[in-house]
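The values are calculated or read from the model by the stated rules, or taken from the named source; none is laboratory data. The shown structure was predicted, so the numbers you read here are calculated from the model rather than taken from an experiment. When we count neighbours, we look across all protein chains shown, and the Cβ atoms used for this are built from the backbone with ideal geometry, even at glycine.
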Amino acid sequence: MRTPVLTLAAAVVVATACGNSDTTTTPVVSKIINFTVNMTPANEPPTLVGNPTGSGVFKATLDTSTNVFSYTITYSGLTSNINNGHIHGPFPSGTAATAGVILNFNTLPGATFGGFGTATSGTATGTVTLNAATTISATVNGDSLKKLLLAGLTYANIHTVSNPGGEIRGQIVRTP
């Protein structure tokens, strides 16, 4: 007879056969989900100023065991200084021009936003725990953002002085 016992740290299996028992401990492996998106001006609404040709790459991981979400963004070639960057949603791709701000790259505690206010290129990094206790915005908690990310209903964009509504954008999708 097998009696499985699970904990957050390990799965313990106790098997008994012919009067002998054996206990095996197997670590529980976190499931890491990767996200990647190329950010371009073509993904923004068609009201951009200055014929932008910049680009960026948004990469992130979500550990579904710990709910830790970490992102890195690189961007370059923008028309003017960077003045903001966000994750927006909910946004089903192709259904609307824009969606509300959920996570602000500039105000997330502990995050960095290189080039903010001073350059046309840079990098941004940040980490946040996505659970119900984490307040992301006035209307969205971490658990809600996690669900939107997993459903593919968010986009990342970088805003500039020339294009305050956003200059480069990409729909955040899972990477196989």
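General remarks:
- Options G126, G89, G122: the member that is closer than 17 Å to N43 by Cβ and either within 16 Å of the chain's Cα centre (by Cα) or at pLDDT 95 or above (or both): G89
- Out of G126, G110, one residue alone is part of a loop (DSSP other than H, G, I, E, B) and not acidic (D, E). It is G110.
- Residue check, S137 in the same structural domain as T79 (by TED's automatic domain parsing) and in a helix (DSSP H, G or I): no
- Condition broken by R174, with the remaining ones in (1) in a strand (DSSP E or B); (2) in contact with a Ser or Thr (Cβ under 7 Å, 6 or more places away or on another chain) satisfied: (2)
- Residue match in the stretch 66-85 (condition: in the same structural domain as P41 (by TED's automatic domain parsing), part of a strand (DSSP E or B), touching a Leu at 6+ places or on another chain (Cβ under 6 Å) and not hydroxyl-bearing (S, T, Y)): yes
- Against the list (1) within 17 Å of the chain's Cα centre (by Cα); (2) buried (at least 16 other Cβ atoms within 10 Å of the Cβ), the condition T72 fails is (2).
- Near pairs, Cβ below 9 angstrom, 6+ apart or cross-chain, from the stretch 160-176 (buried (at least 16 other Cβ atoms within 10 Å of the Cβ)) to any residue that is charged (D, E, K, R): T160/E167; N163/E44; G165/E44; G166/E44; E167/E44; I168/E44; R169/E44
- Per-region count, the stretch 53-88, residues over 23 Å from A133 (Cβ atoms) and out of contact with any Phe, Trp or Tyr (no Cβ under 6 Å at 6 or more places or on another chain): 17
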